[in-house]
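> Dropping a structure here in structure tokens format, bear with me for questions.
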Amino acid sequence: TATTRSTALPITASIQLQLGDRVQLATLGLSGRLQGNLLATLPVTGATTARGELSLTGGKFNPLIGAAGISAFPMAARVVQKEGQKWNKKSYLLMHAMGANAGGQIGSVIAAAVMLSVLAGMGIIK
């Protein structure tokens, strides 16, 4: 009996994604029409990369929610609430800001844990 050997063909894929006029984005504090294009490259070896340009048009966003994402807990959320009410007396942003604020706290803890594990793996700390 003869043994056949199969070899995989090395294939690199390039995928271009173009967003048309009908792509809508609506999320907490951000809404509008998303336009642009991305080129994703999936090489045989190495990391997948994407590059391009996306733009948000015809919409609105609330920059205060992003301001609460820092880890100055809970003061940043209070500042967001206070600033938001300067523009709209009926707005109540505190709970949304606290969510982003808690997310910033969790992200800081995870980043610190990863950094400590890397330093321990290198033998710098025990």
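What follows is calculated from the coordinates using simple rules that are stated; it is not laboratory data. Since the model is a prediction, treat every value here as computed from it, not as a measurement. Virtual Cβ from ideal backbone geometry, glycine too; neighbours counted across all protein chains shown.
> Taking the structure as given and computing Kirkwood radius over Cα pairs in Å, which label from (i) 16.5; (ii) 19.2; (iii) 18.6 fits?
So the calculated entry is the one marked (ii).
> Tell me, what ³J(HN,Hα) does each residue in the stretch 33-43 have, in order and in whole Hz, if you take phi through Karplus 6.51 cos²θ - 1.76 cosθ + 1.60 with θ = phi - 60° and put x for Gly and Pro?
Going residue by residue, I get 9, 9, 10, x, 8, 10, 10, 9, 10, 10, x Hz, with x marking Gly and Pro.
> Let me ask something else. Enumerate lysine pairs in the chain that are 8 or more residues apart or on different chains, then count those whose Cα atoms are under 26 Å apart.
Total qualifying Lys-Lys pairs in the chain comes to 5.
> Please list 3J(HN,Hα) in residue order for the stretch 90-101, calculated via the Karplus relation 6.51 cos²θ - 1.76 cosθ + 1.60 where θ = phi - 60°; whole Hz, with x for glycine and proline.
Ordered by residue, 3J(HN,Hα) equals 8, 6, 10, 9, 4, 5, 5, 5, 5, x, 5, 5 Hz.
> When the helix-only estimate is applied to the chain (DSSP H runs of n ≥ 4, each -39,500 (n - 2.57), divided by the residue count), what is the mean residue ellipticity at 222 nm, nearest 500 deg cm²/dmol?
Mean residue ellipticity, 222 nm, calculated: -12000 deg cm²/dmol.
> Same structure again: Could you work out how far helix 75-87 tilts from the main Cα principal axis of the chain, as a 0 to 90 degree angle to the nearest 10?
On a 0 to 90 degree scale, this one is about 60.
> Just flag the trypsin sites (Lys or Arg not before Pro) in the stretch 10-67 sitting in loop per DSSP whose Cβ has no more than 12 other Cβ atoms within 10 Å.
Loop-located and lightly packed - ARG22.
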